[in-house]
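The values are calculated or read from the model by the stated rules, or taken from the named source; none is laboratory data. Worth saying up front: this structure is predicted, and the values here are computed from it rather than measured. Ideal geometry is used to build each Cβ from the backbone, glycine not excepted, and the neighbour counts take in all protein chains shown. Surface accessibility is based on the protein's heavy atoms, side chains included, excluding ligands, DNA and RNA. Shrake-Rupley method; radii C 1.70, N 1.55, O 1.52, S 1.80 Å.
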Amino acid sequence: QVQLVESGGGLVQPGGSLRLSCAASGIIFSVYAMGWYRQAPEKQRELVATITSGGNTYYADSVKGRFTISRDNAKNTVYLQMNSLKPEDTAVYYCNAQRTISHYWGQGTQVTVSS
């Protein structure tokens, strides 16, 4: 059974930082591309960042220079370091694992940026 379990969300002030983690089980983690998506209230889910099995990264323009995605294959975990957070970063953040036609999602973790 595939499980993706996110953690690290919470309430943070504008300009602050958070680090999200996503622990995977039930898949050969190292061969999967991993990604972070987010969904704000009444908005569609959007891609935030991805990292391939080879370590290549991609970022949405809205988070470039502020967010960093990384992975630790020994721990079956992908991370999202979020710095200089803005109120518009408020959303539920979801972890995704993808390989060919296989897609798996975590349950999401809430990030709220507010003073």
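Among the protein heavy atoms of the chain, carbon and sulfur supply 46% of the accessible surface, probe 1.4 Å, non-protein parts ignored.
Using the Cβ of D89 as centre and a radius below 10 Å, the other residues enclosed give a net charge of +2, where K and R count +1 and D and E count -1. Restriction of the trypsin sites (Lys or Arg not before Pro) in segment 1-55 to DSSP coil positions whose beta-carbon has at most 14 other beta-carbons within 10 angstrom yields K43. Counting only lysines at least 8 places from K64 when in the same chain, those with an alpha carbon closer than 21 Å to its own are K43, K86. With a simple spin-label model that places each label point 7 Å from the Cα along the Cα-to-Cβ direction, the separation between W105 and R66 comes to 2.4 nm.
Charges on Cβ only, +1 for Lys and Arg, -1 for Asp and Glu, centred on the Cα centroid of the chain; of V111, V5, A40, which one is farthest towards the dipole's positive end? Final value for the positive-end residue is V5. For the chain, the Kirkwood estimate of the hydrodynamic radius, built from every pair of different alpha carbons, is 14.0 Å. Computed with a 1.4 Å probe over protein heavy atoms only, the accessible surface of segment 9-62 comes to 56 Å² per residue.
A Cβ-based charge dipole, computed about the Cα centre of the chain with Lys and Arg at +1 and Asp and Glu at -1, lands at about 160 debye. Here segment 61-105 is treated with +1 on each Lys and Arg Cβ and -1 on each Asp and Glu Cβ, and its dipole about the Cα centre works out to around 160 debye.
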